[in-house]
1. Can you confirm whether the stretch 123-136 contains a residue that is closer than 21 Å to residue 35 by Cβ, modelled with pLDDT of 95 or more and crowded, with 20+ Cβ neighbours inside 10 Å?
2. Going residue by residue through the stretch 161-183, is there one that turns out to be aromatic (Phe, Trp, Tyr), part of a strand (DSSP E or B) and within 15 Å of the chain's Cα centre (by Cα)?
3. Could you tell me whether residue 2 is closer than 24 Å to residue 189 by Cα, touching a strand residue (DSSP E or B) at 6+ places or on another chain (Cβ under 6 Å) and without any contact (Cβ under 8 Å) to a residue 24 or more places away in the chain?
4. Could you check the stretch 29-65 and list, in sequence order, the residues that are in a helix (DSSP H, G or I) and touching a helix residue (DSSP H, G or I) at 6+ places or on another chain (Cβ under 7 Å)?
5. Looking at residue 146, is it buried (at least 18 other Cβ atoms within 10 Å of the Cβ) and either under 19 Å from the mean Cα position of the chain (by Cα) or at pLDDT 95 or above (or both)?
Amino acid sequence: MIVTDKFVFIHLPRTGGTFVSGVIQKFFPSAYEIGHHMPRQFLPKQYCHLPVLGTVRNPWEFYVSLYHYVWAKDAAKDLVSWMTENGKLDVLGSIQNLLNLGVNNERLDVFIEMLPEHVDYTRTQIPNISKDTARTVRYTGAGYYSFRFNHLFGNADEVFFCRLETLRRDLVRFFEGIGAVTDELRDYILHSDKQNTAEHRHYSTYYTPELAELVSIRDRSLIERFGYVFEQASSVENGWPKPSIEEPTTSL
């Protein structure tokens, strides 16, 4: 979470937050990170009157991105060992575990056992979900993405969200809305290089029809809220990597 004198940014993993954080730290001298992936509920009272900025992405792409990023970074990390069942599962099985977080109590108990009792949000490269937080997903039927979204934003009705698919345009619109945009800021957002790109095929090529349908069930509320749909790759895209703005974090 980054606070400034004009707004607050809450960083949901795997949704372009590194790019947004870089923009904020470059152009807003008052910017200060008060917690690594800290939930909105812990926002200090003196900042609660400020506009809140967040980012989201297509849930089907989120799971593919998460798998490829954390697996490549460190297969021994808790999230990776849990979702892959110690490396025994491929991308399909791993995504299914993530989707069934709020349904499969046995797997959820394994997940909870890996987590700390309390989270120190001033530290990075650690699990930033506590045991008690993970317990709240039990019996909800929610997938991992919805669980993290709800955990970080809570009641998100007043949050301005940038969609990763239109991140640069949305970010300019947010700064215009709070009267903070300058020509230099607009030019930087629209034309600067992507950061920490990850390459993988179009997300649709990783899904069976059954698994794609499971995403639509487990993350239904977010899909409906942001109007996301499952899109098929074109024949040109099918065999080629697809770069996207990503975040340098192995956090849960």
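The values are calculated or read from the model by the stated rules, or taken from the named source; none is laboratory data. If you're wondering where the values come from, they're calculated on a predicted model, not measured in any experiment. All Cβ positions, even for glycine, are placed from backbone atoms using ideal geometry, and neighbour counts span all protein chains on display.
1. Yes: one or more hits.
2. First, the residues of the stretch 161-183 that are aromatic (Phe, Trp, Tyr): 161, 174-175.
Okay, now just the ones that are also part of a strand (DSSP E or B), so 161.
Then keep just the ones that are within 15 Å of the chain's Cα centre (by Cα); that gives 161.
Yes, that holds for at least one residue.
3. Working: closer than 24 Å to residue 189 by Cα: yes; touching a strand residue (DSSP E or B) at 6+ places or on another chain (Cβ under 6 Å): yes; without any contact (Cβ under 8 Å) to a residue 24 or more places away in the chain: no.
Considered against the rule, which asks whether it is closer than 24 Å to residue 189 by Cα, touching a strand residue (DSSP E or B) at 6+ places or on another chain (Cβ under 6 Å) and without any contact (Cβ under 8 Å) to a residue 24 or more places away in the chain, residue 2 comes out as no.
4. Going residue by residue through the stretch 29-65, those that are in a helix (DSSP H, G or I) are 40-42, 45-47, 59-65.
Once the filter is applied, which keeps residues that are in a helix (DSSP H, G or I) and touching a helix residue (DSSP H, G or I) at 6+ places or on another chain (Cβ under 7 Å), the stretch 29-65 yields 40, 59, 60, 61, 62, 63, 64.
5. It is true that residue 146 is buried (at least 18 other Cβ atoms within 10 Å of the Cβ) and either under 19 Å from the mean Cα position of the chain (by Cα) or at pLDDT 95 or above (or both).
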